[in-house]
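Engineer: Below are the C-alpha coordinates for one structure; questions will follow.
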Amino acid sequence: NVIEDEDLTYNTAKEINEICTRLNINFIFKASYDKANRSSINSFRGPGIDKGMKIFKEIKKELNIQLITDVHTPIEAEKASEICDVIQLPAFLARQTNLIEAMAKTKKIINIKKPQFLSPNQMFNVIEKFLHYGNNNLMICERGTNFGYDNLIVDFLGFETIKKSCYNSPLIFDVTHSLQCREVNGTASSGRREQIVDLALAGTSTKIAGIFIETHPNPKAALCDGPSALPLSKLEDLLKQIIALDKLVKSFPKLQIN
(Lines give C-alpha, C1' and ligand atoms only; values in the text may rest on other atoms or scores of the structure.)
Protein backbone atom coordinates (compact mmCIF):
# COMPACT_ATOMS: atom_id res chain seq x y z
CA ASN A 1 0.00 0.00 0.00
CA VAL A 2 2.68 2.49 1.00
CA ILE A 3 6.45 2.71 0.64
CA GLU A 4 7.69 1.70 4.09
CA ASP A 5 11.37 1.52 3.15
CA GLU A 6 13.39 1.03 -0.02
CA ASP A 7 14.43 -2.61 0.55
CA LEU A 8 10.97 -3.86 1.51
CA THR A 9 9.40 -2.13 -1.47
CA TYR A 10 11.97 -3.48 -3.92
CA ASN A 11 11.87 -7.03 -2.57
CA THR A 12 8.07 -7.13 -2.57
CA ALA A 13 7.89 -5.82 -6.13
CA LYS A 14 10.51 -8.36 -7.21
CA GLU A 15 8.64 -11.32 -5.72
CA ILE A 16 5.28 -10.25 -7.16
CA ASN A 17 6.89 -9.77 -10.56
CA GLU A 18 8.38 -13.27 -10.44
CA ILE A 19 4.98 -14.74 -9.53
CA CYS A 20 3.19 -12.91 -12.33
CA THR A 21 5.88 -13.88 -14.84
CA ARG A 22 5.41 -17.55 -13.92
CA LEU A 23 1.65 -17.19 -14.31
CA ASN A 24 1.94 -15.16 -17.54
CA ILE A 25 -0.27 -12.29 -16.38
CA ASN A 26 0.12 -8.53 -16.65
CA PHE A 27 1.36 -6.83 -13.49
CA ILE A 28 1.45 -3.18 -12.44
CA PHE A 29 3.12 -2.51 -9.09
CA LYS A 30 1.40 0.00 -6.84
CA ALA A 31 2.69 1.77 -3.75
CA SER A 32 2.08 5.23 -2.33
CA TYR A 33 4.82 7.77 -1.64
CA ASP A 34 2.38 9.66 0.61
CA LYS A 35 -0.85 8.46 2.16
CA ALA A 36 -2.19 11.98 2.44
CA ASN A 37 -5.70 10.80 3.39
CA ARG A 38 -4.86 8.93 6.60
CA SER A 39 -7.41 9.41 9.37
CA SER A 40 -5.03 10.17 12.21
CA ILE A 41 -2.21 12.70 12.41
CA ASN A 42 -0.16 9.90 13.98
CA SER A 43 -0.57 7.47 11.06
CA PHE A 44 2.41 6.61 8.85
CA ARG A 45 2.25 8.46 5.51
CA GLY A 46 5.35 7.44 3.58
CA PRO A 47 8.60 9.05 2.45
CA GLY A 48 7.11 11.86 0.36
CA ILE A 49 7.09 12.38 -3.39
CA ASP A 50 10.76 13.23 -4.00
CA LYS A 51 12.19 10.23 -2.17
CA GLY A 52 9.31 8.06 -3.37
CA MET A 53 10.00 8.85 -7.03
CA LYS A 54 13.71 8.02 -6.56
CA ILE A 55 12.72 4.62 -5.16
CA PHE A 56 10.25 4.04 -8.00
CA LYS A 57 12.85 5.02 -10.61
CA GLU A 58 15.32 2.48 -9.25
CA ILE A 59 12.69 -0.29 -9.07
CA LYS A 60 11.60 0.43 -12.63
CA LYS A 61 15.21 0.33 -13.83
CA GLU A 62 16.14 -2.88 -12.01
CA LEU A 63 12.94 -4.90 -12.54
CA ASN A 64 11.61 -3.43 -15.79
CA ILE A 65 8.05 -3.31 -14.47
CA GLN A 66 5.14 -0.89 -14.79
CA LEU A 67 4.26 1.36 -11.86
CA ILE A 68 1.14 3.04 -10.53
CA THR A 69 0.80 5.51 -7.67
CA ASP A 70 -1.86 7.85 -6.34
CA VAL A 71 -1.49 11.64 -6.57
CA HIS A 72 -3.13 14.38 -4.55
CA THR A 73 -2.25 17.71 -6.18
CA PRO A 74 -1.68 18.98 -9.73
CA ILE A 75 2.07 19.32 -9.09
CA GLU A 76 2.25 15.73 -7.83
CA ALA A 77 0.44 14.53 -10.95
CA GLU A 78 3.13 16.10 -13.12
CA LYS A 79 6.02 14.70 -11.06
CA ALA A 80 4.58 11.19 -10.73
CA SER A 81 3.82 10.97 -14.46
CA GLU A 82 7.54 11.33 -15.23
CA ILE A 83 8.22 7.91 -13.66
CA CYS A 84 4.93 6.04 -13.37
CA ASP A 85 3.02 4.37 -16.20
CA VAL A 86 -0.37 4.87 -14.53
CA ILE A 87 -1.45 7.54 -12.07
CA GLN A 88 -4.35 7.06 -9.72
CA LEU A 89 -7.10 9.46 -8.69
CA PRO A 90 -7.87 8.79 -5.01
CA ALA A 91 -11.48 8.05 -4.10
CA PHE A 92 -11.79 11.01 -1.75
CA LEU A 93 -10.51 13.41 -4.46
CA ALA A 94 -12.60 12.23 -7.40
CA ARG A 95 -14.56 15.49 -7.55
CA GLN A 96 -11.52 17.78 -7.55
CA THR A 97 -11.69 19.28 -11.03
CA ASN A 98 -8.28 21.00 -10.93
CA LEU A 99 -6.61 17.72 -10.02
CA ILE A 100 -8.50 15.85 -12.76
CA GLU A 101 -7.42 18.48 -15.31
CA ALA A 102 -3.77 18.15 -14.31
CA MET A 103 -3.92 14.36 -14.39
CA ALA A 104 -5.64 14.33 -17.77
CA LYS A 105 -3.01 16.59 -19.29
CA THR A 106 -0.22 14.15 -18.41
CA LYS A 107 -1.73 11.84 -21.09
CA LYS A 108 -1.00 8.90 -18.79
CA ILE A 109 -3.38 6.03 -18.17
CA ILE A 110 -5.58 7.04 -15.23
CA ASN A 111 -6.95 4.67 -12.60
CA ILE A 112 -10.03 6.31 -11.06
CA LYS A 113 -10.94 5.04 -7.62
CA LYS A 114 -14.73 5.12 -7.23
CA PRO A 115 -15.60 7.12 -4.11
CA GLN A 116 -17.38 5.19 -1.38
CA PHE A 117 -20.03 7.92 -1.36
CA LEU A 118 -20.91 7.82 -5.08
CA SER A 119 -23.40 5.57 -6.83
CA PRO A 120 -22.21 3.64 -9.90
CA ASN A 121 -24.14 6.03 -12.20
CA GLN A 122 -22.39 9.07 -10.74
CA MET A 123 -19.03 7.87 -12.06
CA PHE A 124 -20.17 9.15 -15.44
CA ASN A 125 -19.55 12.73 -14.28
CA VAL A 126 -15.95 11.94 -13.30
CA ILE A 127 -15.32 10.32 -16.69
CA GLU A 128 -16.83 13.34 -18.47
CA LYS A 129 -14.30 15.64 -16.80
CA PHE A 130 -11.37 13.57 -18.00
CA LEU A 131 -12.81 13.45 -21.51
CA HIS A 132 -13.35 17.22 -21.44
CA TYR A 133 -9.64 17.67 -20.70
CA GLY A 134 -8.60 15.32 -23.49
CA ASN A 135 -7.79 12.01 -21.82
CA ASN A 136 -9.77 8.84 -22.50
CA ASN A 137 -7.10 6.40 -21.23
CA LEU A 138 -9.20 5.55 -18.21
CA MET A 139 -9.87 2.67 -15.85
CA ILE A 140 -12.54 2.62 -13.13
CA CYS A 141 -11.62 0.97 -9.85
CA GLU A 142 -14.45 -0.23 -7.58
CA ARG A 143 -13.54 -0.23 -3.89
CA GLY A 144 -16.82 -0.62 -2.01
CA THR A 145 -19.68 1.66 -1.02
CA ASN A 146 -20.60 3.21 2.31
CA PHE A 147 -23.04 1.03 4.23
CA GLY A 148 -24.16 3.10 7.19
CA TYR A 149 -21.31 4.25 9.39
CA ASP A 150 -17.80 2.77 9.25
CA ASN A 151 -18.58 -0.14 6.95
CA LEU A 152 -18.35 -0.97 3.25
CA ILE A 153 -20.26 -3.31 0.98
CA VAL A 154 -19.57 -4.32 -2.62
CA ASP A 155 -22.50 -3.88 -4.99
CA PHE A 156 -21.87 -6.41 -7.75
CA LEU A 157 -25.02 -5.28 -9.53
CA GLY A 158 -23.33 -1.91 -9.92
CA PHE A 159 -20.37 -3.36 -11.84
CA GLU A 160 -22.27 -3.56 -15.11
CA THR A 161 -23.78 -0.13 -14.49
CA ILE A 162 -20.29 1.35 -14.20
CA LYS A 163 -19.15 -0.35 -17.40
CA LYS A 164 -22.14 0.92 -19.40
CA SER A 165 -22.30 4.45 -18.02
CA CYS A 166 -18.55 5.02 -18.32
CA TYR A 167 -18.12 4.28 -22.04
CA ASN A 168 -17.06 0.69 -21.32
CA SER A 169 -13.91 1.78 -19.51
CA PRO A 170 -12.06 -1.24 -18.07
CA LEU A 171 -13.36 -2.07 -14.60
CA ILE A 172 -10.80 -2.95 -11.93
CA PHE A 173 -11.92 -4.41 -8.60
CA ASP A 174 -10.01 -3.31 -5.51
CA VAL A 175 -10.57 -6.33 -3.31
CA THR A 176 -8.63 -5.42 -0.20
CA HIS A 177 -9.78 -1.81 0.25
CA SER A 178 -13.34 -3.11 -0.03
CA LEU A 179 -12.68 -5.19 3.08
CA GLN A 180 -11.88 -2.22 5.28
CA CYS A 181 -14.03 -1.46 8.32
CA ARG A 182 -13.68 0.91 11.20
CA GLU A 183 -13.63 0.18 14.91
CA VAL A 184 -15.75 2.50 17.05
CA ASN A 185 -13.62 5.56 17.86
CA GLY A 186 -10.74 3.97 15.93
CA THR A 187 -7.97 6.05 14.35
CA ALA A 188 -7.08 3.50 11.65
CA SER A 189 -9.00 1.11 9.46
CA SER A 190 -9.51 -2.45 10.56
CA GLY A 191 -10.17 -5.15 7.99
CA ARG A 192 -11.54 -8.57 7.10
CA ARG A 193 -8.52 -10.32 5.59
CA GLU A 194 -10.13 -13.73 5.93
CA GLN A 195 -12.67 -12.79 3.23
CA ILE A 196 -10.15 -11.81 0.53
CA VAL A 197 -10.56 -15.06 -1.42
CA ASP A 198 -14.36 -14.96 -1.42
CA LEU A 199 -14.49 -11.35 -2.56
CA ALA A 200 -11.77 -11.74 -5.20
CA LEU A 201 -13.49 -14.74 -6.79
CA ALA A 202 -16.93 -13.12 -6.61
CA GLY A 203 -15.61 -10.05 -8.44
CA THR A 204 -13.78 -12.14 -11.03
CA SER A 205 -16.99 -13.97 -11.86
CA THR A 206 -18.45 -10.72 -13.25
CA LYS A 207 -15.92 -10.59 -16.12
CA ILE A 208 -13.92 -7.60 -14.90
CA ALA A 209 -10.69 -6.37 -16.50
CA GLY A 210 -8.38 -6.63 -13.52
CA ILE A 211 -7.86 -7.14 -9.80
CA PHE A 212 -6.25 -4.68 -7.37
CA ILE A 213 -4.85 -6.40 -4.27
CA GLU A 214 -2.76 -5.11 -1.39
CA THR A 215 -0.19 -7.65 -0.29
CA HIS A 216 2.56 -7.54 2.31
CA PRO A 217 5.21 -10.01 3.51
CA ASN A 218 3.94 -9.58 7.06
CA PRO A 219 0.52 -7.87 7.19
CA LYS A 220 0.51 -7.77 10.99
CA ALA A 221 3.56 -5.51 10.86
CA ALA A 222 2.38 -3.38 7.91
CA LEU A 223 2.38 0.37 8.54
CA CYS A 224 -0.84 0.88 6.55
CA ASP A 225 -3.94 -1.29 5.97
CA GLY A 226 -2.39 -4.47 7.34
CA PRO A 227 -5.74 -5.94 8.51
CA SER A 228 -6.97 -5.98 4.89
CA ALA A 229 -3.73 -7.06 3.21
CA LEU A 230 -3.08 -10.48 1.72
CA PRO A 231 0.02 -12.28 3.03
CA LEU A 232 2.52 -12.31 0.18
CA SER A 233 3.04 -16.04 0.70
CA LYS A 234 -0.60 -16.62 -0.35
CA LEU A 235 -0.55 -14.44 -3.48
CA GLU A 236 0.43 -17.05 -6.07
CA ASP A 237 -2.21 -19.55 -4.93
CA LEU A 238 -4.92 -16.88 -5.01
CA LEU A 239 -3.87 -15.67 -8.47
CA LYS A 240 -4.04 -19.22 -9.79
CA GLN A 241 -7.67 -19.44 -8.66
CA ILE A 242 -8.49 -16.01 -10.10
CA ILE A 243 -6.92 -16.92 -13.47
CA ALA A 244 -8.80 -20.22 -13.69
CA LEU A 245 -12.14 -18.58 -12.90
CA ASP A 246 -11.47 -15.62 -15.20
CA LYS A 247 -10.79 -17.94 -18.14
CA LEU A 248 -13.93 -19.93 -17.39
CA VAL A 249 -16.41 -17.06 -17.12
CA LYS A 250 -14.96 -15.25 -20.14
CA SER A 251 -15.36 -18.39 -22.24
CA PHE A 252 -19.14 -18.06 -22.01
CA PRO A 253 -21.05 -15.70 -24.33
CA LYS A 254 -23.07 -13.08 -22.49
CA LEU A 255 -26.74 -14.07 -22.25
CA GLN A 256 -29.06 -11.21 -23.13
CA ILE A 257 -32.08 -11.20 -20.81
CA ASN A 258 -34.70 -8.48 -21.23
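Engineer: From the list Lys254, Lys247, Lys240, Lys220, which residue is under 16 Å from Glu194 (Cβ atoms) and charged (D, E, K, R)? Spell out how you get there, then give the answer.
Structural biologist: Working: Lys254 fails: under 16 Å from Glu194 (Cβ atoms); Lys247 fails: under 16 Å from Glu194 (Cβ atoms); Lys240 fails: under 16 Å from Glu194 (Cβ atoms).
That would be Lys220, the only listed residue that is under 16 Å from Glu194 (Cβ atoms) and charged (D, E, K, R).
Engineer: A further question on this structure: Quick one: which helices (runs of 4 or more DSSP H) sit completely within region 60-133 and have at least 3 residues that are closer than 14 Å to Ser169 by Cβ? Quick ask: steps written out before the conclusion?
Structural biologist: Numbers: elements: 74-81, 97-105, 123-132.
Those helices (runs of 4 or more DSSP H) span 123-132.
Engineer: Among residues belonging to region 210-258 that are part of a loop (DSSP other than H, G, I, E, B) and basic (Lys, Arg), point out the one that is least open to solvent (accessible area, probe 1.4 Å).
Structural biologist: Filtering region 210-258 for residues part of a loop (DSSP other than H, G, I, E, B) gives 213-214, 217-218, 222-225, 229, 250-258.
Among the residues that remain, those that are also basic (Lys, Arg) are: 250, 254.
Values: Lys250: 98, Lys254: 123 Å².
If we take residues in region 210-258 being part of a loop (DSSP other than H, G, I, E, B) and basic (Lys, Arg), then Lys250 is least open to solvent (accessible area, probe 1.4 Å).
Engineer: Please give the strands (runs of 3 or more DSSP E) falling wholly within region 154-207 in which 1 or more residues are modelled with pLDDT of 90 or more. Explain how you work it out, then say what you get.
Structural biologist: Details: elements: 171-174, 180-182, 189-191.
It comes to 171-174.
The values are calculated or read from the model by the stated rules, or taken from the named source; none is laboratory data. All of these numbers come straight from a predicted model, not from anything done at the bench. Note that we place each Cβ from the backbone using ideal geometry, even for glycine, and neighbour counts take in every protein chain shown. Ligands, DNA and RNA are excluded from the accessible area calculation, which covers all protein heavy atoms including side chains. Shrake-Rupley method; radii C 1.70, N 1.55, O 1.52, S 1.80 Å.
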